[in-house]
Amino acid sequence: MPTSTRARGASRWLVLAGLLAVAWLVTPQPVPLYDGIGFPDEPYRFVPARSTSIPAATVGEVELKVAGGSNTGGLIVNSKEAGPQISVYAPPHAFAAAGTAPIVLRAEPVPPTPPLPDGTLDSNVYRLSLTSAAGPVTIVTAAQPPAITMRAVTIAPTLPVIEYRATPTESWRELKTRRVGRDNFNASAPGVGEYVLVQRDVQAPTPSSSRGPLYAVIGATTVLMVLVLVGVRVLSRRAAEQQQQQPPS
Amino acid sequence: MTVTTSATSRCVRVWGRPGARIPGRQASGLLLVGFAMAVGVRLAVAGPGPARSPGGGLVFAALLLAMAVAARTRVPVSARACLAGLAGVVVLCAPVALLRLGSPLHDAGGFASWAVVVAVVAAAEEVFLRGTLYDALRDAFDERAAIVVGAVAFAGLHVPLYGWHVVPLDVVVGLVLGELRRTTGTAAAPAVAHVGADFGAWFLR
């Protein structure tokens, strides 16, 4: 191989290695995969721990900087499990506090205390708290509300809902819950207090008729896919025939 | 698809029939449409949380391999290509390994079953993107176009799975894998690099 070609190849690889290093630095963690099968979750952790082999659930905690009477930047705090059993999104300017002391946002798993919500618990009970050394923290109602995402213990055919109570003496109320992953559920968080995922015993399974459009899309795409395969095959065969007709050089 | 092995210059056909590569812009366009539809089918099959669905990933891999077979893609496997692929693993994993220097490696619990699916999906992506699509784009345009379009398609495929934030990294990774293909002349090298980097990501997370 000529020296110039080798030098060009080496410089190309150096440029790519540099680009790769920069891309890694600008890409937020955790480590993304290059293909499409995500890492499996570790088994669900409970509080209190239910076995000696699986440790107790972890706490998610973050300090939010304060300026001008509210938190300045938006942050997501996750508990430490893989994948996290609870995530809380704190939007910018969603929490008001005096002074400049940071606001501590904490999501802590706590043992469930009666009264329990109707149905079967499908997660730990998590207590969301907001504290500041400078005094009480309030939620700014005019700002984007914080959001909470919880991982369910089970992947059941019926979808759980997030229930909330501000204090242990209050009754639970259901929050508008949406599914954001196979076993992850999200809701706007009305404030500090306790959150838990609950499987409603009386909830009806998803009717098969609601899957009709999905099956139609899959069917139509499959037909188109077959057409693409036939097209590729025809083009390939035509190219092979043309190649055979060409006289050998 | 034809998988061949060659130790030196000798090429031993293992599977499939020899055929001409599909030429032209028509074929490139058709393959890109097929790729987009395969991504769509994967998302539809996987449902919520598509990145975590082995079923969705395997259906996607099957569709990519079907297109590779239809296009009679050849993937010569040689010791040189495998070694180049292993070097690619080092290049792809080095930045994150340096960033995590001193941190403990993730344990291997659950790795085996996950790794099987990942190997199938990653290898299928490479056979299609750096094999079938690369050949068609190179014949229609040139090798540079084949590398760049393959990298963009590679990044685009990951957006519905992980979000837009992975685009810069995945474009660069796609360029690295494309360059591996260009250097070695076979999709086997990027396939080894891709699968190896994904395996590395398990322990480096």
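The values are calculated or read from the model by the stated rules, or taken from the named source; none is laboratory data. The model shown is predicted, which means the values in this text are computed figures rather than measured ones. Note that each Cβ is placed from the backbone with ideal geometry, even for glycine, and that neighbours are counted across all protein chains shown. With ligands, DNA and RNA removed, areas are computed over all heavy atoms of the protein, side chains included. Shrake-Rupley method; radii C 1.70, N 1.55, O 1.52, S 1.80 Å.
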- Message: Please verify whether B:Arg74 is more than 7 Å from chain A (Cβ to nearest Cβ), under 19 Å from A:Leu214 (Cβ atoms) and charged (D, E, K, R), treating the condition exactly as stated.
- Response: no
- Message: If the requirement is being out of contact with any Cys (no Cβ under 9 Å at 6 or more places or on another chain), away from chain B (no Cβ under 11 Å) and modelled with pLDDT of 85 or more, which of these qualifies: A:Val22, A:Val47?
- Response: A:Val47
- Task: Filter region A:167-201 down to residues that are in contact with a Pro (Cβ under 8 Å, 6 or more places away or on another chain) and small (Gly, Ala, Ser) and give me whichever is surrounded by the most Cβ atoms within 10 Å (Cβ to Cβ).
- Result: A:Ala189
- Message: Cβ contacts < 6 Å: first residue in the same structural domain as A:Ser129 (by TED's automatic domain parsing), restricted to region A:163-174; second residue among the polar types (S, T, N, Q), any location; separation 6+ or different chain. Result?
- Response: A:Pro168/A:Thr113
- Query: If we keep just the residues of region B:181-205 that are assigned to a helix (DSSP H, G or I) and in contact with a Ser or Thr (Cβ under 9 Å, 6 or more places away or on another chain), which is farthest from the other protein chains (Cβ to nearest Cβ)?
  - Reply: B:Ala188
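The rows are residues; the columns are (1) open to solvent by 50 Å² or more (accessible area, probe 1.4 Å); (2) modelled with pLDDT of 95 or more; (3) under 15 Å from A:Lys65 (Cβ atoms).
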{"site": "A:Ala90", "(1), (2), (3)": "no, no, yes"}
{"site": "A:Ala98", "(1), (2), (3)": "yes, no, yes"}
{"site": "A:Pro109", "(1), (2), (3)": "no, yes, no"}
{"site": "A:Pro112", "(1), (2), (3)": "yes, no, no"}
{"site": "A:Pro115", "(1), (2), (3)": "yes, no, no"}
{"site": "A:Gly119", "(1), (2), (3)": "no, no, no"}
{"site": "A:Pro136", "(1), (2), (3)": "yes, no, no"}
{"site": "A:Ala143", "(1), (2), (3)": "no, no, no"}
- Note on the structure: If we keep only residues of region B:158-179 that are more than 8 Å from chain A (Cβ to nearest Cβ) and open to solvent by less than 10 Å² (accessible area, probe 1.4 Å), then the residue nearest to B:Leu86 (Cα to Cα) is B:Leu177
- Message: Going by what's in this entry, would B:His194 be described as within 20 Å of B:Ala97 (Cα to Cα) and open to solvent by less than 10 Å² (accessible area, probe 1.4 Å)?
- Response: yes
- Message: Which condition from (1) away from chain B (no Cβ under 14 Å); (2) open to solvent by less than 50 Å² (accessible area, probe 1.4 Å); (3) under 17 Å from the mean Cα position of the chain (by Cα) is the one that A:Leu75 breaks?
- Response: (2)
- Message: Can you tell me which of (1) β-branched (Val, Ile, Thr); (2) modelled with pLDDT under 70; (3) farther than 17 Å from B:Leu129 by Cβ is the one B:Ile22 doesn't meet?
- Response: (3)
- Item | Residue pairs meeting the criteria (Cβ under 9 Å; at least 6 apart or on separate chains; first farther than 14 Å from B:Ala122 by Cβ, in region B:46-67; second open to solvent by less than 10 Å² (accessible area, probe 1.4 Å) and of a type in the set (Lys, Arg)) | B:Pro50/B:Arg42; B:Ser53/B:Arg42; B:Gly56/B:Arg42; B:Val59/B:Arg42; B:Leu63/B:Arg42
- State all residues of region B:91-111 that are hydrophobic (A, V, I, L, M, F, W, C), free of Cβ contacts under 8 Å to residues at least 40 places away in the same chain and either open to solvent by less than 80 Å² (accessible area, probe 1.4 Å) or more than 10 Å from chain A (Cβ to nearest Cβ) (or both); if no residue qualifies, say none. B:Ala94, B:Leu101
